[in-house]
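Asker: One structure coming up, written as structure tokens, with questions to follow.
The values are calculated or read from the model by the stated rules, or taken from the named source; none is laboratory data. Treat the numbers as computed from the prediction; the structure is a model and nothing was measured.
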Amino acid sequence: MEPTTPASPAPPSDERVTRASAAWFATAVALVLLILLVILILQNQESVELQYLGLTTQVPLGVALLIAAVAGALVVGIVGVVRLTQVRVRTRRTRRAAASRGTEGTAA
């Protein structure tokens, strides 16, 4: 039985993820999603009746789905902003408290 040799580590990859490459990737994904959304709207042109808070209107189904998707995205975005604000405020308070404790100890 031959002694096993440890596997050599994989050579470092020349591929680096930069902000520019990430931005281009995100743009490509957004473009594909936009194309799929346009196809959805174009294939769903039947008129439907919407009722909301006593208001009634007729709109194409694709447009109604688009409005619902945008409204959902807005709700998710608002919740995300609120949460990030909470985290930033908490972090700022923690840093200020730590800084004031550090200065109190050196002043005495």
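Asker: Restricting to segment 49-90, count the residues that are more than 21 Å from the chain's Cα centre (by Cα) and more than 22 Å from ILE39 (Cα to Cα).
Answerer: At the first step, the residues of segment 49-90 found to be more than 21 Å from the chain's Cα centre (by Cα) are 49-64, 90.
Filter once more, so that each one left must be more than 22 Å from ILE39 (Cα to Cα): 51-57, 90.
Residues flagged as more than 21 Å from the chain's Cα centre (by Cα) and more than 22 Å from ILE39 (Cα to Cα) within segment 49-90 amount to 8.
Asker: Next up: Look at THR103 and say whether it is over 31 Å from the mean Cα position of the chain (by Cα) and at pLDDT below 95. Walk me through how you get there before you give the answer.
Answerer: Numbers: over 31 Å from the mean Cα position of the chain (by Cα): yes; at pLDDT below 95: yes.
Considered against the rule, which asks whether it is over 31 Å from the mean Cα position of the chain (by Cα) and at pLDDT below 95, THR103 comes out as yes.
Asker: So which residues in segment 52-72 are at pLDDT below 90 and either among the hydroxyl-bearing types (Ser, Thr, Tyr) or in a strand (DSSP E or B) (or both), if there are any at all?
Answerer: Hit for segment 52-72 is TYR52, nothing else.
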